Amino acid sequence: VMLKWYDGYRGADRKKDPQNFPPAALLEGEDPSKFGSLLVGEKGKFFFNRDNMNWVIKSEGTGEDFREPEKTLPRVANEDEEWVAACKGGPAALSNFAYAGPFTETVLLGNVAIRVGKKLQWDAKKLRCPNASEADQFLRRAYRKGWELS
């Protein structure tokens, strides 16, 4: 899987930087500020935003062969209640650490790449970027004595 990270914001003031949006050819006329994510596959593109259901699917060809996937995961009415139930011994929350940890790692690496300003190679076993030692400052912190993680 190849992941290309674009982030429409740069710097602490969060001003939009259009140089940091995906190339216009990928956007196909869509306004990148309306979508938080763009997935590009072999047969089309999926523009979406976590905050709403305003999704756009652009299929190569007619799109007639598109079928919505079966719902294989239970739907959660209230994520707070789901979390409390998991804490009390109920089933694991859908956003449990086994799932959310690697997902969060990916998102945070995108942020590190933006800060370092270059393409990163990631060694997940060693938790390092072998091609960018300057990224280390964003990957780890020095802990006060007595607060170290082991």
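Where does the charge balance sit around residue 40 when Lys and Arg score +1, Asp and Glu -1, over other residues with C-beta under 15 Å from its C-beta?
Cβ neighbours under 15 Å give a net charge of 0.
Let me test this: with uniform point scatterers at the alpha carbons of region 103-145, what is the Debye-based log₁₀ I(q)/I(0) at q = 0.30 1/Å?
-1.18
Spelling out what I want: for every residue of region 136-148, take phi, set θ = phi - 60°, compute 6.51 cos²θ - 1.76 cosθ + 1.60 (Karplus), and round to whole Hz; glycine and proline get x.
Whole-Hz 3J(HN,Hα) from phi for region 136-148: 3, 4, 9, 9, 9, 10, 7, 9, 5, 4, x, 10, 5.
Specify which labelled value, from (1) 8.6; (2) 13.4; (3) 11.4, agrees with mean projected area of the Cα convex hull in nm² derived from the coordinates of the model shown.
Checked against the structure: label (2).
What list of ³J(HN,Hα) values in whole Hz, one per residue of region 94-105 in order, does the Karplus curve 6.51 cos²θ - 1.76 cosθ + 1.60 (θ = phi - 60°) give from phi, with Gly and Pro shown as x?
Those phi angles translate into 4, 9, 5, 5, 4, 8, 6, x, x, 4, 5, 4 Hz.
Of the peptides 44-50, 84-90, how do they stack up when ordered by the mean number of other Cβ atoms within 10 Å, highest first?
44-50, 84-90
Throughout, read-outs are computed from the coordinates displayed, never taken from laboratory work. Everything numeric in this text was worked out from a predicted model, so none of it was measured. Neighbour counts run over all protein chains shown; Cβ positions are idealised from the backbone, glycine included.
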